[in-house]
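Since the structure comes first, as structure tokens, the remarks are kept for the end.
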Amino acid sequence: MDAQALRWFQLVADGVSVTDVSAGERVSQSGVSRALARLEAEVGTPLLRRSGRSLRPTRAGAAFKRHVDAALHALDDGLAAVEQVVDPGAGTVVLAFQASLGTWLVPDLLAGFRARHPRVGFELRPARDELTSSLTARGDVDVELTALRPVGSALRWRFLARQPLLLALPAGHRLARRDALALADVAGEPFLVLPPTSLLRRRTDELCAAAGLAPAVAFECGDLPSLRGFVAAGLGVAVVPDGPEQDPGVRTVPLTDAGAHRDVGAVWSPERRLLPAAERFLAHVTDRAGREGPRDLDPGGRRSPRSRGGDATER
């Protein structure tokens, strides 16, 4: 079958008009129509039907399109693989990461990699702070940077950094100028938290339980920027990962509670065949982790005492 005709069928089935397809592809409308007719003849049944001025997929066309989408996706992957074999210095890496890592870890890793491989591109996929990874063996994500450590899965994990967890307070709070705090110091305060599906929420609950607290949840926020905004408005306190200060209305103070940190690592699937650009990036990430060794890292740039060597493992 003609791959170009399949692409045109895909566009029309997705709601693009034949007029727009012909304009975008710089061919005549009759040329597009003839290609679609030849495709229907090869399949042996009508794939598109007219609905007003538009074409819509028939029942057979809708069933066929699911396989066309998969075939064209595989074809594009194959073309990309050939391009990277011919020109291994180019290519695109699909990188997923928790949004809170986008202010320090991700830019740092990409800057170091692009200095050596300037023609490699990146498709960035910010992920929610959930209890499940966005990376699967059959998915299109090459590497994920996350605080989620896969357990009992085929994924591999490499420790990169230990990120402190801080207590976020309104800037005018009575404790905001303290050098450090324990969760017990804010036992009577309203707490702001993320949803129960959040990894940070689970860590917050564990720290509060260890401190003997049953925090009074004032608001459940959907993401970290909202959480910080609610703190700035004076609506409560929150446990947040360390990072650059983003709001003058928020003051973050180190927590003295044992375990007030989260380990951040790189996750990948050994069952997914990585193209050369992705292999190079994964090697860059894991080599840097091995070279610098396990450490506590303040994303603001200050190094903390080294952690135990057993943390730098692959699982």
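The values are calculated or read from the model by the stated rules, or taken from the named source; none is laboratory data. This structure is a prediction, so every number in the text was calculated from the model and none was measured. Ideal geometry is used to build each Cβ from the backbone, glycine not excepted, and the neighbour counts take in all protein chains shown. Accessible surface is based on the protein model in full, side chains and every heavy atom, while ligands, DNA and RNA are left aside. Shrake-Rupley method; radii C 1.70, N 1.55, O 1.52, S 1.80 Å.
If a/c stays under 1.5 just call it rounded; otherwise compare a/b with b/c (prolate if a/b is bigger, oblate if not). Do that for the chain, with a ≥ b ≥ c from the square roots of the Cα gyration tensor eigenvalues. Please report the intermediate quantities before stating the final value.
Details: a/c = 2.86, a/b = 1.92, b/c = 1.49.
Prolate shape, in that a/c is at least 1.5 and a/b is the bigger ratio.
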*Would you mind calculating the gained length between ARG273 and ARG50 on full extension (0.36 nm times residue separation, minus the Cα-Cα distance), in nm to one decimal?*
76.1 nm
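Once R0 is set to 45 Å, what does the formula 1/(1 + (r/R0)^6) return for the Cβ-Cβ distance between ARG34 and ALA214, expressed as a FRET efficiency to the nearest 0.05?
With a Förster radius of 45 Å, E is 0.05.
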*Angle, helix 199-210 long axis vs. longest principal axis of the chain, Cα atoms, 0 to 90°, nearest 10?*
20 degrees
_Going 7 Å from the Cα of ALA182 along its beta-carbon direction, which residues of the stretch 256-292 have the amide nitrogen within less than 15 Å of the resulting point?_
256-260
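Per the 1.4 Å probe, what fraction of the accessible area of the chain, in percent, lies on carbon and sulfur atoms? The partial results should precede the final answer.
Details: 8280 of 15970 Å².
Percent of accessible area from carbon and sulfur atoms in the chain: 52.
How large is the charge dipole for the chain, taken about the Cα centre, if only the Cβ atoms of Lys, Arg (+1) and Asp, Glu (-1) carry charge, to the nearest 20 debye?
With Lys and Arg at +1 and Asp and Glu at -1, about 280 debye.
Quick one: putting +1 on the C-beta of Lys and Arg, -1 on the C-beta of Asp and Glu, what dipole do you get for the stretch 209-270 around its Cα centre, in Debye to the nearest 20?
60 debye
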*If you take the charge dipole of the chain about its Cα centre, with +1 on Lys and Arg Cβ and -1 on Asp and Glu Cβ, which of ALA35, GLY188, GLY89 is farthest toward its positive end?*
ALA35
*If you wrap a convex hull around the Cα atoms of the stretch 150-217, how much volume per residue is inside, in Å³?*
127 Å³
*Starting from the Cα of ALA63, move 7 Å in the Cα-to-Cβ direction to define the label point; list residues of the stretch 30-50 whose amide nitrogen is under 18 Å from there.*
40-49
*What is the packing order of peptides 158-164, 13-19, taking the mean over residues of other C-beta atoms within 10 Å and listing the highest first?*
158-164, 13-19
_Run the helix sum for the chain: -39,500 (n - 2.57) per DSSP H stretch of 4+ residues, divided by residue count, reported at 222 nm to the nearest 500 deg cm²/dmol._
-11500 deg cm²/dmol
*asked:* Tell me which of THR58, GLY249, VAL264 sits at the most positive position along the dipole axis of the chain, charges placed on C-beta atoms (Lys, Arg +1; Asp, Glu -1).
replied: THR58
*Tensor-based shape of the stretch 1-127 (alpha-carbon gyration tensor, a/c under 1.5 rounded, otherwise prolate or oblate)*: prolate
_What percent of all Cα-Cα pairs in the stretch 90-172 falls into each 5 Å bin, going from 0 up to the bin containing the maximum distance?_
3, 12, 21, 24, 18, 11, 6, 3, 2, 1, 0
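Which FRET efficiency value, to the nearest 0.05, do you get for ASP77 and ARG174 by plugging their Cβ-Cβ distance into 1/(1 + (r/R0)^6) with R0 = 41 Å? Walk me through the numbers on the way to the answer.
Numbers: r = 57 Å, r/R0 = 1.40.
That pair, ASP77 with ARG174, gives E of 0.10.
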*Spin-label model distance (nm) - ASP205 vs ASP2, 7 Å beyond Cα toward Cβ*: 5.8 nm
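Skip the ligands, DNA and RNA, and give the accessible area per residue of the chain with a 1.4 Å probe, whole Å².
On the way: 15970 Å² over 315 residues.
That works out to 51 Å² per residue.
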*Quick one: accessible surface of TRP8, probe radius 1.4 Å, all protein chains present, in square angstrom to the nearest 10.*
30 Å²
*asked:* Please report the antiparallel percentage of DSSP beta bridges with both residues in the chain, rounded to the nearest 5.
replied: 60 percent
*Can you give the relative contact order of the chain as a percent, counting alpha carbon pairs under 8 Å and 6+ residues apart?*
21 percent
*How far is it, in nm, from the label point at LEU235 to the one at ALA41 when both lie 7 Å from their Cα along the line to the Cβ?*
6.4 nm
